[in-house]
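The values are calculated or read from the model by the stated rules, or taken from the named source; none is laboratory data. It should be emphasised that the depicted structure is a prediction, and the values quoted were computed from it without experimental measurement. In this analysis, Cβ positions are derived from the backbone assuming ideal geometry, glycine residues included, and neighbour counts consider all displayed protein chains. Just the protein is used for accessible areas: all its heavy atoms, side chains included, with ligands, DNA and RNA removed. Shrake-Rupley method; radii C 1.70, N 1.55, O 1.52, S 1.80 Å.
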Amino acid sequence: MSAQVFVPRPTDATGPYWDATRDHKLVLQYCPRCEEFVHHPREACPGCLGREFRWVESTGRGTVHAFSVHHRPFEAMSADDLPYIVAFIDLEEGVRFLSNIIGVDPAAVAVGHRVNLTWRAVGEGYHLPVFEPADR
């Protein structure tokens, strides 16, 4: 099976997020009223319904909260990508981020492991934020 190229389709709410990935920057919405980071990008803050977000660059550091190992390819990948790790990462900013962990044997991943942001190129100059073990 050949992999399809993933191309994000930014909206008004997600445009700044996807644009930042072109420069390998992970940005998060920050609500100054709630003094909280918000992820995933959205039109209004889930805490106060405010729309006055600021975009703040993440440190890209986090901890594995939970993960699963997959042995069947998803649409935008090939059999060469197997197995792959899908994980919830607790970022230092206090948000939980769904992504992949790459560059490690799945048997070596554990809840609580520290990970750092890296990037995987996708279509039209965009990049997907993925994570790798912090001890690299």
If the elastic network links every pair of Cα atoms under 10 Å, which of 13, 107, 79 fluctuates the most in the Gaussian network model of the chain?
107
Every cysteine in the chain with no other Cys Cβ under 4.7 Å from its Cβ, please list them in numeric order.
48
List the residues of region 81-123 whose backbone N lies under 19 Å from a point placed 7 Å from the Cα of residue 72 along the Cα-to-Cβ direction.
81-87
Could you check the spin-label model distance between residue 90 and residue 6? Points 7 Å from the Cα along Cα→Cβ, value in nm.
2.4 nm
For the chain, modelled as a Gaussian network with Cα springs under 10 Å, which listed residue fluctuates most, 11, 21, 118?
11
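Please say if region 63-136 is rounded, prolate or oblate, where rounded means a/c under 1.5 for a ≥ b ≥ c the square roots of the C-alpha gyration tensor eigenvalues, and otherwise the choice is prolate for a/b larger than b/c and oblate otherwise? The partial results should precede the final answer.
Details: a/c = 1.79, a/b = 1.22, b/c = 1.46.
Note, shape of region 63-136 comes out oblate.
Pop out the carbon and sulfur fraction of the accessible area of the chain as a percent, whole number, probe 1.4 Å. List each step's numbers first, then the result.
On the way: 3960 of 8020 Å².
The C+S portion of the solvent-accessible surface of the chain is 49 percent.
For a protection proxy built on the mean count of beta-carbon atoms within 10 angstrom, sort 35-48, 88-101 highest first, please.
Working: 35-48: 14.6, 88-101: 17.9.
Output ranking for 35-48, 88-101: 88-101, 35-48.
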State whether the chain is rounded, prolate or oblate according to the following rule on the C-alpha gyration tensor (a ≥ b ≥ c being the square roots of its eigenvalues): a/c under 1.5 gives rounded; otherwise a/b larger than b/c gives prolate, and the remaining case gives oblate.
oblate
Residue-level accessible surface for residue 55, protein heavy atoms, 1.4 Å, Å²
90 Å²
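Would you mind getting the accessible area per residue of the chain, heavy atoms of the protein chains only, 1.4 Å probe, in Å²?
Working: 8020 Å² over 136 residues.
Dividing the accessible area of the chain by its residue count gives 59 Å².
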Pull out the extension gain between residue 124 and residue 19, defined as 0.36 nm times the separation in residues minus the alpha carbon to alpha carbon distance; nm, one decimal.
36.7 nm
Could you work out the relative contact order of region 62-126, using alpha carbon pairs under 8 angstrom and six or more residues apart, expressed as a whole percent?
36 percent
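Using a/c under 1.5 as the rounded threshold, could you call region 1-75 rounded, prolate or oblate? The axes a ≥ b ≥ c are square roots of the C-alpha gyration tensor eigenvalues, and prolate needs a/b larger than b/c, oblate otherwise. Don't jump to the answer; show the numbers that get you there.
Details: a/c = 2.11, a/b = 1.63, b/c = 1.29.
Prolate.
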To the nearest 20 Debye, how big is the dipole of the chain about its Cα centre, given +1 on the beta carbon of each Lys and Arg and -1 on that of each Asp and Glu?
100 debye
